[in-house]
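Working notes, beginning with the structure itself.
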2 protein chains.
Amino acid sequence: MAAAEEPGVAAVERALSLLAAWREGEAALSLAELAARTGLYKSTILRLLASLERFRCVQRRPDGQWALGPMLFRWGMLYQRGLRLDAILPPALRRLADESGESATFWVREGGQRLCLFRADSPRAVRDHLLPGELLPLEQGAGGRVLLAFAAGPPPPGTDPVVVTLGERDPDMAALAAPVFGGGGALAGALALSGPRARLAPLAEALKPALAAAAAALTRRLGGDLG
Amino acid sequence: MAAAEEPGVAAVERALSLLAAWREGEAALSLAELAARTGLYKSTILRLLASLERFRCVQRRPDGQWALGPMLFRWGMLYQRGLRLDAILPPALRRLADESGESATFWVREGGQRLCLFRADSPRAVRDHLLPGELLPLEQGAGGRVLLAFAAGPPPPGTDPVVVTLGERDPDMAALAAPVFGGGGALAGALALSGPRARLAPLAEALKPALAAAAAALTRRLGGDLG
DNA sequence: CCTGATGTTCTGCGCAACAGAACGGCGTTC
DNA sequence: GAACGCCGTTCTGTTGCGCAGAACATCAGG
């Protein structure tokens, strides 16, 4: 990375591109696969992995394959808890999922995407499949639309804060979402319910008040109604 | 890092030492604080942060302070789910915590330490405080002792698999733990109950069968009884 | 207004890190 | 058993990357 270009450290970016090679559901990757996915030379990868391993960001398995390491989990938890939502959100999401019968998710905005920060799956066997840590576009789905629509703060009183979308991200799914505000009226995230379209679409209007109430309760707990 | 020393990439290790600067409960750190904690020059830190920011491992706040970034959360979740325990453990821990009244934790061994991978807090207000992502020594506490004692695989039938410790890690706490085995009889982790010593110590013997049964049920679900 | 602390920018120089070849091991096929 | 292809490991000459650290700008507090 020439000084005339964007600042940074090329070796660090090579190491991070390695970490970015893992995908959902992959426990371990071989050296050859890492080379194929990153375009880096195997000797370069081995040197980078040595440092990542020393800091416990990757670990080498007995069969020679490489897995992500525990320090990423630790830092990921520090990130999540640094948002100061971990004490409040999991029980609130669990309650909402149990009472509504659908999956409850809390989305936060990260740049041009939304990140699934907390999740309580529906008690039902048929439900949408979504995992904490997943990053999705803002433009699709109720959660993303709420993060866009309410970025500037709380709407005027009397405005319906709940957004409903049918089949935007997946044709068979539906979702509702409402904004949650934190201190100073800043948007903290979007509280969403989601599930199969056939089951959720007929119930969407009926679920709006409960979702709006749950989001408002979270807003109050976060001090978002004081701004 | 001279070639004669351990292999690796010094710039990468500097960047990782930056990420390691954050501690529990710290949402953001200033440049000066990062310099104080790592001993790196501020110009060096800024270059490293530029790369970390580009890969979304840190983010700069409007006030100029630096926070850990969402990609760490994503990779942390990939690490956790790569262990293939996420579908099974959270509900099992919740059940165990609700039935026993104490906090339930799943520990995995990472090198010479144990990592809190999943956690269900006790429903009671007075409980020990422990968070996913925390790393603790193996030599202290029931969870750690189990990871040491059963590293070689399942014990002979008839052996009591539950370890009880009183006040080892914290004088006011007590814990019980039992091993959980995965495919091929390999130790997957330790299932633990923990809480205030005054409350848990009198109940420890009575809780052993339930904990052993829960651990055995997890072992069966993971195929650990087939090896 | 002054001071101290913090954050930002710049650059010469040294060596860190890379590219990529060569090699060994292993599994598969004939 | 030999040959082949793929994977992982080791080595090294060269160069441009990345650092140290000084200088500077900004800001908050007294």
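The values are calculated or read from the model by the stated rules, or taken from the named source; none is laboratory data. Computed from a predicted model, the values in this text were never measured in an experiment. Virtual Cβ from ideal backbone geometry, glycine too; neighbours counted across all protein chains shown. To get the accessible areas, we keep the full protein, side chains included, count just its heavy atoms, and leave off ligands, DNA and RNA. Shrake-Rupley method; radii C 1.70, N 1.55, O 1.52, S 1.80 Å.
Go through the range B:125-150 and report how many residues are touching a Pro at 6+ places or on another chain (Cβ under 9 Å) and either outside the structural domain of residue B:97 (by TED's automatic domain parsing) or not β-branched (Val, Ile, Thr) (or both).
8
When you look at residue B:2, is it more than 11 Å from chain A (Cβ to nearest Cβ) and modelled with pLDDT under 90, yes or no?
So residue B:2 fits the description; yes.
Kindly establish whether residue B:37 is on the phi < 0 side of the Ramachandran plot, away from DNA strand C (no atom under 16 Å from the Cβ), touching a strand residue (DSSP E or B) at 6+ places or on another chain (Cβ under 9 Å) and of a type outside the set (A, V, I, L, M, F, W, C).
no
Restrict the check to the range A:82-89 and report whether at least one residue is outside any strand (DSSP E or B), within 23 Å of residue B:45 (Cβ to Cβ) and either open to solvent by less than 50 Å² (accessible area, probe 1.4 Å) or at pLDDT 95 or above (or both).
Checked the range A:82-89: at least one residue is outside any strand (DSSP E or B), within 23 Å of residue B:45 (Cβ to Cβ) and either open to solvent by less than 50 Å² (accessible area, probe 1.4 Å) or at pLDDT 95 or above (or both).
Taking only the range A:56-81 into account, find how many residues are assigned to a helix (DSSP H, G or I) and within 16 Å of DNA strand C (Cβ to nearest atom).
Summing the residues that are assigned to a helix (DSSP H, G or I) and within 16 Å of DNA strand C (Cβ to nearest atom) in the range A:56-81 gives 0.
If you go through the range B:77-93 one residue at a time, do you hit one that is touching a Phe, Trp or Tyr at 6+ places or on another chain (Cβ under 9 Å), more than 8 Å from chain A (Cβ to nearest Cβ) and within 13 Å of DNA strand D (Cβ to nearest atom)?
no
State all residues of the range B:181-227 that are part of a helix (DSSP H, G or I) and in contact with a helix residue (DSSP H, G or I) (Cβ under 7 Å, 6 or more places away or on another chain); if no residue qualifies, say none.
Result: B:207, B:210, B:214, B:218.
Mind listing whichever residues of the range B:8-33 are at the interface with chain A (Cβ under 7 Å from one of its Cβ atoms) and within 9 Å of DNA strand C (Cβ to nearest atom)?
B:8, B:9, B:11, B:12, B:13
Quick one: in the range B:34-60, which of the residues that are within 11 Å of another protein chain (Cβ to nearest Cβ) and among the basic types (Lys, Arg) is most open to solvent (accessible area, probe 1.4 Å)?
Checking each candidate, the answer is B:47.
Of everything in the range A:90-119, what is open to solvent by 50 Å² or more (accessible area, probe 1.4 Å) and basic (Lys, Arg)? Give them in sequence order.
A:94, A:95, A:109 - these are the residues of the range A:90-119 that are open to solvent by 50 Å² or more (accessible area, probe 1.4 Å) and basic (Lys, Arg).
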